[in-house]
Amino acid sequence: MNFIHWPHHSPAGLNLGGKAAALAALHGCGENIPAWFVVLPAAFADSVPADTTQEWRLSDDVARQLQSAMDQLGPAGGLFAVRSSALEEDGRDHSFAGQFESFLQVRREEVAARVVAVWKSAFSERVRQYREQRRLPGRPAAPAVLIQRMVHADAAGVVFGVDPVTGRTDVTVVSAVRGLGDSLVSGEHNADTWRVAAHRALISREIAGKSPVLADAQVLAVADLVRRLGAFFGRPQDVEWAWEGSALHLLQSRPVTTVTPAATGTAPGSFNLWDNSNIIESYSGVTTPLTFTFARRAYEGVYRQFCRILAVPRSKIRRHDAV
């Protein structure tokens, strides 16, 4: 049985998962995607016994095919990215963002163990809770695993084909950090952020350090990339990218799942973005109903008092009760 899928092969009837299916759809479209292949879910069935209390490891057949595929993907000593690509992941309705494990800068001898770690993450408690909270039917299944040549990024980040704050689809938002993009996703480093209009004008820039991570021409190239992908898939995309020297690499593309009816132009209304960016230092975990009730009352009181200290008219404060 074949446990490896290459992008130039037909994916018909195969479960490649969200990440790999998007890259497979883009094969031959001219985008600069690091070389990749997929370890198919059938590898899990061949490797992991029904008695899951036993140690999980790749079967001999899967291990041989994996080693052969890595030989074709990159030279000896090269590094790899090992990413989850579950069927439900990166979909139109549920992103499963951060639920499955992915690994960067993986040495060849560690890839097999990382594949197993991705499989295990699909059956983790956090995935179970994610599915339960969203009332998703069925049971978790082993994901496909995407193996990519590691890009030695000078700068990396994400770009949204729609402004996630205002919901405007005529504005793209580019966020970038130096080096690998995992420090941006994890929140370890603050990112430079640019907003770019549909006619390629830079609307705003927020630079976190002493100098910008990207030149303006690079920002515009990233904005062009997300617009091309949005046109290709027929929906605004959330794209991970990396600059390596003068080359812009597309790492993954998935649909934006937070676009509201107001943002797509189908109905008027206000757009509310809920996040914990201003209180994460105090409430770093999942907020439970009790914590939310306390934090909401406390912060509302503090901000009302602050407005009064600044002599904001009480009538104006009342007009913003909802905020």
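The values are calculated or read from the model by the stated rules, or taken from the named source; none is laboratory data. Note that this is a predicted model, so its numbers are computed, not measured. Backbone-built Cβ (ideal geometry, glycine too); neighbour counts: all protein chains shown. Each accessible area value is taken on the protein alone, full model and side chains, heavy atoms only, with ligands, DNA and RNA left out. Shrake-Rupley method; radii C 1.70, N 1.55, O 1.52, S 1.80 Å.
A few notes on this one:
- Two-site label geometry, Ala50 and Arg308: point separation in nm, points 7 Å out along Cα→Cβ: 6.9 nm
- Phi to ³J(HN,Hα) by Karplus 6.51 cos²θ - 1.76 cosθ + 1.60 over segment 154-163, Hz, x for Gly, Pro: 7, 8, 8, x, 10, 9, 9, x, 9, 5
- Long-range HN-HN contacts of His249 with modeled amide H, under 5 Å: Ala242, Trp243, Glu244
- Segment 103-172, dipole about Cα centre (Lys/Arg Cβ +1, Asp/Glu Cβ -1), debye to the nearest 20: 420 debye
- Modelled label reach - Ala221, point 7 Å along Cα→Cβ, segment 236-251 residues with backbone N closer than 14 Å: 241-251
- Between amide H atoms placed 1.01 Å from N, distances below 5 Å from Gly179 occur with Ala155, Ala156, all of them 5 or more places distant or on a separate chain.
- Degrees separating the helix 60-73 axis from the principal Cα axis of the chain, which is the longest one: 70 degrees
- Computed [θ] at 222 nm, helices only, for the chain once each DSSP H run of length n ≥ 4 contributes -39500 (n - 2.57): -9500 deg cm²/dmol
- Probe 1.4 Å, all protein chains present, accessible-area order of Arg128, Arg235, largest first: Arg128, Arg235
- Of all lysines in the structure, not one lies under 19 Å Cα to Cα from Lys210 without also being fewer than 8 positions from it along the same chain.
- With DNA, RNA and ligands ignored, accessible area of Ser68 (1.4 Å probe; Å², nearest 10): 60 Å²
- In the context of the full protein assembly, Asp321 retains an accessible surface of approximately 80 Å², using a probe radius of 1.4 Å and ignoring ligands and nucleic acids.
- Probe 1.4 Å, protein heavy atoms only - accessible area per residue of the chain in square angstrom: 56 Å²
- Using the Cβ-Cβ distance between His152 and His8 with R0 set to 30 Å, the FRET efficiency works out to roughly 0.75.
- Highest-fluctuation residue, Glu125, Glu110, Glu281 considered, GNM on the chain with Cα pairs under 10 Å: Glu281
- Extension gain from Ser59 to Thr257, taking 0.36 nm per residue of separation minus the Cα-Cα distance: 67.6 nm
- Computed 3J(HN,Hα) for segment 115-120, one whole-Hz value per residue from the Karplus formula 6.51 cos²θ - 1.76 cosθ + 1.60 where θ = phi - 60°, is 4, 4, 5, 5, 4, 4, glycine and proline marked x.
- Burial ranking of peptide ranges 204-212, 113-121 (average Cβ count within 10 Å, highest at the top): 113-121, 204-212
- With every protein chain in place, segment 99-243: carbon and sulfur % of accessible area (1.4 Å): 50 percent
- Averaged over residues, the count of other Cβ atoms within 10 Å places the peptides 243-252, 219-228, 140-149 in the sequence 140-149, 219-228, 243-252, highest first.
- In Hz, Karplus ³J(HN,Hα) per residue of segment 25-33 (6.51, -1.76, 1.60; θ = phi - 60°; x = Gly, Pro): 5, 8, 4, x, 8, x, 7, 8, 10
- The accessible area of Lys19, taken with all protein chains in place and a 1.4 Å probe, comes to roughly 10 Å².
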